[in-house]
Every structure is written in C-alpha cells, then in structure tokens.
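Reading through the structure tokens given below for one structure.
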Amino acid sequence: MASQSQPAAGSRTAAPAVAGPRAREVYDVVVVGAGLAGLQAAQQLMARDRQRAEWARGSGGLSAGGAENGRSGARRGELRVVVVEAHGMVGGRVRGLQGLVPWTVEMGPEFIHGDCNCSIKAAVDQLGCQQTTLAFPDHYYFGKEQRLVTPDEAESDPEIAAVHAFFAGLKTHTAEAGGVGGEREGDCSVVEVMRREGATPRQLALAESIYANDFGCSLRHLGMHESVKEARGWVYGDTYVVCDQPFSTVVHHLAQGVQVRCHWPVAAITYDVSSASTYGSSSSATASPTAPITLTSRHGEQLQAKRVIVTVPLPVLQAGDIQFSPPLPSAKQRAIGALRMGCAVKVIMAFSHRVWPSHLFDIVCTDSFLPEVWFTRRSPPIPTSSSASPPLSHSSTPAPIITAAVPPPTVPMGQFLAVGFAAGDAAEAMARLPPETVISRALEQLDAMFRHPCSTCKPGPGAARAIQARPAHASGTTTSGSSWGCQGHGVQLQALPHGASDDNVGTFVVPARPLQQASSTTSSCPAAATSSLCSSCHPASASFVSGCFADWSRDAFIRGAYTHPTVGAGDARDQLAMPLGGRLFFAGEATHFGVNPCMQGALDTGTRVANEVFWSLQGSRL
C-alpha cells in the first residue's frame, strides 16, 4: 500500500543499479505495464494504425500529418508497438487461482460493476461469456447482535436506509471539488461529513462495510470531494455482473497480436528535456523527432521509442521505482503524491459442503473480522492445455506467460467457495497476521453466521464471541496456527509454500492434520468423542478443506488494490493523465477523470491514451 508520506516521484538522486546498456531497439511506441490499460492501449493503437493504413491505400496517400510515419512500413499499417511488463505474466491485477476448486478463482477483481455504458462488459459480451446480474448488497450481518438480515428485513431498517440515502445523495451534495492536487483545503473525509450530519455509530459501521470497503479504503480515508465527483460521473448502473469465465479470458483476448516482453521492469526513462516544458501537450510539433525516449530495465536492457505510455500502478510511481530524467514536472509529482491506493486482501475458503443457504450471494458485515463475504457458485471446469487460450505474440526471446497461481499438490480441492474481502485498515491489520490465523478467524465468523441449534453441544467461549471480543489488530494469536471448537476442542491450520507463480500475493492454508487426529479435551459436544468438529456448532470449520490468503500489498510491482477517492486530491487525476510534450503519456485506473478504479476505468484510460498517442504521431493536436 502507498504510505501516507511519499518521496518526490521521479526525483531520486541515486541511479538504479543496472548493468551496462546493451544494443538498443527502436519502436514507435513502448507501453510500460501489461495490465488492462496497457494491453488496451496497445490493441487500440494497432487497430487505429491498421485503419489509417487501409484509408491511405484506398485514397492513394497518407492520412493527415504523417511526418514521422512516412516510411513504407508505416504505410502498410505496421506501427511498431511493444509492451514491457515487470511480472512474468500479463493482466496486472487480473489474476486467477486454479486448483482450489474445480474452476478458476479470481485473486483480483471478480465482478463487473454496472451493466450500462461499460467497456469491460462490452468485452465479455464480445467473447460470448454468460453473465448473471445480482444486487449489492444482498444480505447484512450485524456482528454485535449476531444477526443475519435479509433484503426484505433491511428495507424496514431506518439506519440501513439512511446510509444508502446518504451515498445516493452524493450526486447532489453541496460539497464542491476544488483546489490543486495535494491540497486538503476545503476537503475532508466522508466520515467527517456523516458525523456532522448526525450519523449514528451503527450507520458509520454500515458505511464502513458497505461503501468504504468497496471503494478500497477505510471511511476515514474516503475523500468527500472525489466521492462526489465519482457519484456524478458514475453512468454504469448499480448492479454486479458475474461472468461464467475468468477475466483472464479478457486479458488473453487483449494480448492477442501484441508483442509483450515479460520480466522487463523499467528502472529509468530518459526523455528529451525540451519535451518536459510542454506539459499537457499531445502534439508532436513541440517535440524533436530526432530525440527518442530511452527506457532502461533493471537488467540493463534498453529500448528506444518515439512515444512512451506509462501504465504502472500508482505506488510504483510514488516510490520512485522508475527514475525519470529529467525529473517529472512539479505539477505531475504533486499529482502522484496526492492520490492514494489502499491495501486489500481476499480470504478464499474452499469447502467440501455448502454451509450457507443456496440463495445467498453477498453479505456485508459490521463489527466482524470480515467486512464482506460472498459465495461463488460452480463455474465451468478449468480449461485443459488443449483448450487454453492460444499463445501470445512475443519477441524472439519471450518470457513464460502465467495467468494463474497453482497451489501445491498437497492442497485438497473443495467443491464450494466463500470469499472474504477487506480493504483499508482492516486489510492492513490482516496483513500483519499469519495467514493461517486470518483464515481461522474467518471460519469462526462463518461458524457464528450459519450455526444451527444443537441440543447436546455447548459452544465454547472461543467460538462465536471471539469475533467481537478480539480487535482486528490483535497480535496475541499463535503464529503456528489457530484453533476453534467446542470447549477447547480444536483443529490446527498451517500455511504452505507458494505455488507455481512468480509472485507472492497468495499463501495457501490447509488443516495441519485430519480432523479425526485432532486433540480434544473434555467437552459436552458428542463430536469430541470422535475428534471431529460438530457440523451444527461449527459448520464452516467442519467443512473447510483448504484456502488462500491473497494480499496484494505483497506484490512488489503493484503494492495495493486500486486507488480510492482521496482527501485533498483536487485535480490530481487530471494532472496525472496529462502527457508531457507529446512524448510521454500516462494511463491506468488512477488517471480516470471519473475516479473509476474498476476494470472499465482501466480500459477506458487505455483507449483515451491510445487516441492521444496516435494523433501525436500524425502531427495533429487533439
């Protein structure tokens, strides 16, 4: 996660430790980052270039401008575009997990937010994916009361209605976004506004779990001005769309025909000094065509390009991992420092049996370990090697493409899935706990939510009440495992090494030993006689077979979830999106003018920057 105090972006004094430069290759465009924004930008650029070439052939000449594209290769529609990616895989924050259940589990984004005017939905429509539209939130769980509330019951709860009314009213709220990126003057957090307007503690807890958690932060970090801006610009609808295929399907589709160089982390970008003075211009008229931009990887490899598109996640820019020479303009650096990306984690749990009602989709939870949990229905099987997506187009020395993490063979496969999601302070607290403790605490919560009355068992004090008795930042739990059970009867969990993936986002967790081998003490629960858990008292714990704790802050090339409405951001997103001298361009969800950190936000910025770059190469001003 981006820290609250960031160094000046692009202004490190020490040069990156790289080997000596090798032979340079020259491209028309180099895209930094093979996430959705980067792949979309590359695809759109190549599509626009093909259209230009077809028009030129049909009209007997070149399209408008063409000062830099007047060579025969460009006339054939052969714009040289390459995407460089630090990971050994494409997709960025779109990443699948295979082997936990008989379908691919999303470790990153899992839903399409809205079914109107949505570029990611248009993509899955084009691919023929089957979709299910669901309402959010579906149910509510109040941890202090240990009460599950249905949608019908929620309609008669005035405090639930008040929270929804507050956020629905943001479109017409009197708060006006203003100021310059990085200035807090006139802005505040949403929690401050709600308190001024008389929100009760219960309403604040609901807002935390329903809205702030969904935004990817805590309520105290949710900026009011950008929340108003996001509400006014949201044109996608309020439903959640679930697809029958993993989003890696979209990634593979976007990557087809694109030259991708994996394991190519950019350490330095050197661009023409005169270009830096032309801040915000996308025209090539002010940039010298004889001074290509040079990109240097951490391994000493170099590429040169007329145009560069930077799509890396915000924390990478904030940490100065890419050294810009000359340093980025002060307005750009202030914009980078003004925005925030929160931490987010997923607690993925596979079960042998379904322990929740079949009609449940999503539950938001107050005063609980997990602020939100949803339940995945069975999807189509994982594609075999013969039915997998076709290989991508690479350079002569391509890196392996990995689109899913695979657990060790010792991890048992479940048939049903529950996914807990936490962001902000709750996610940071979980990230400090051992993964097996996180999953144990999550199972305790599910046990309390779905426990059935048992005439012979006496639930022990460490079961349901533990959810509210221990704060999320508690650190007194054992590092070797956690237990649950009736009056001391427990089962240990253990974390396993990472699977076949080049990242460390996910840690797999399984029971340390079969239930029948678990130690037990005197208990009134009849299950203790057989050293197994009572499925009535502890339905989730008794059915749990394996899980995965996914922490995106651990990925060195991502370091968080997605940007959120930030206090004091002002016009930082607009400033971040501005090109430099018609040479250096920026895209990615953090640059979306509508404060849209969803997948469609990333795609839309890829389309936007492709248009900017294309017209800059044609010598025309947008």
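Could you check segment 221-236 and list, in sequence order, the residues that are outside any helix (DSSP H, G or I) and surrounded by fewer than 21 Cβ atoms within 10 Å (Cβ to Cβ)?
Scanning segment 221-236 gives Trp234, Val235.
Among the residues in segment 353-361, are any modelled with pLDDT under 95, of a type in the set (Ser, Thr, Tyr) and closer than 30 Å to Ala255 by Cα? No; the residues of segment 353-361 include none that is modelled with pLDDT under 95, of a type in the set (Ser, Thr, Tyr) and closer than 30 Å to Ala255 by Cα. Looking only at segment 225-248, decide whether some residue is of a type outside the set (Lys, Arg), touching a strand residue (DSSP E or B) at 6+ places or on another chain (Cβ under 8 Å) and free of Cβ contacts under 8 Å to residues at least 40 places away in the same chain. No, the conditions are met nowhere in segment 225-248.
Scanning segment 89-145 for residues that are of a type in the set (Asp, Glu) and more than 21 Å from the chain's Cα centre (by Cα) turns up Asp125, Asp138, Glu145.
Within segment 278-308, the residues that satisfy the criterion of being surrounded by 17 or more Cβ atoms within 10 Å (Cβ to Cβ), at pLDDT 60 or above and not hydroxyl-bearing (Ser, Thr, Tyr) are Pro292, Ile293, Leu295, Arg298, Glu301, Gln302, Leu303, Ala305, Lys306, Arg307, Val308.
Checked against the criteria, Ala177 does not count as in contact with an Asp or Glu (Cβ under 8 Å, 6 or more places away or on another chain), at pLDDT 95 or above, on the phi < 0 side of the Ramachandran plot and not β-branched (Val, Ile, Thr). Apart from one condition, Thr133 fits all of (1) buried (at least 16 other Cβ atoms within 10 Å of the Cβ); (2) polar (S, T, N, Q); (3) in contact with a Ser or Thr (Cβ under 8 Å, 6 or more places away or on another chain); the exception is (1).
Yes or no, residue by residue, for (1) surrounded by fewer than 15 Cβ atoms within 10 Å (Cβ to Cβ); (2) at pLDDT 95 or above; (3) over 20 Å from Ser541 (Cα atoms):
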| site | (1), (2), (3) |
| --- | --- |
| Pro371 | no, yes, no |
| Trp374 | no, yes, no |
| Pro380 | yes, no, yes |
| Ala388 | yes, no, yes |
| Thr403 | no, no, yes |
| Pro409 | yes, no, yes |
| Gly414 | no, no, no |
| Ala429 | no, yes, yes |
| Pro434 | no, no, no |
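With a requirement of 1 or more residues that are modelled with pLDDT under 95 and in contact with a Cys (Cβ under 7 Å, 6 or more places away or on another chain), the strands (runs of 3 or more DSSP E) lying completely within segment 86-169 that satisfy it span 131-134. Please determine, by comparing only the residues of segment 310-345 that are over 30 Å from Arg432 (Cα atoms) and in contact with a strand residue (DSSP E or B) (Cβ under 6 Å, 6 or more places away or on another chain), which one is surrounded by the most Cβ atoms within 10 Å (Cβ to Cβ). For segment 310-345, the residue satisfying everything is Val310. Evaluating Val241 against the criteria (1) under 22 Å from the mean Cα position of the chain (by Cα); (2) part of a loop (DSSP other than H, G, I, E, B); (3) at pLDDT below 95; (4) not hydroxyl-bearing (Ser, Thr, Tyr) leaves one unmet condition, (2). Within segment 191-220, being in contact with a Pro (Cβ under 9 Å, 6 or more places away or on another chain) and not in a helix (DSSP H, G or I) holds for Gly216, Cys217. Candidates Leu580, Leu576: the one that is surrounded by 24 or more Cβ atoms within 10 Å (Cβ to Cβ) and farther than 29 Å from Ala427 by Cα is Leu580. Selection of segment 548-598 for residues being modelled with pLDDT under 95 and assigned to a helix (DSSP H, G or I) yields Trp552, Ser553, Arg554.
The values are calculated or read from the model by the stated rules, or taken from the named source; none is laboratory data. None of the values given here were measured: they were computed from a predicted structure. Neighbour counts are summed over all protein chains in view; Cβ atoms, including those assigned to glycine, are modelled from backbone coordinates with ideal geometry.
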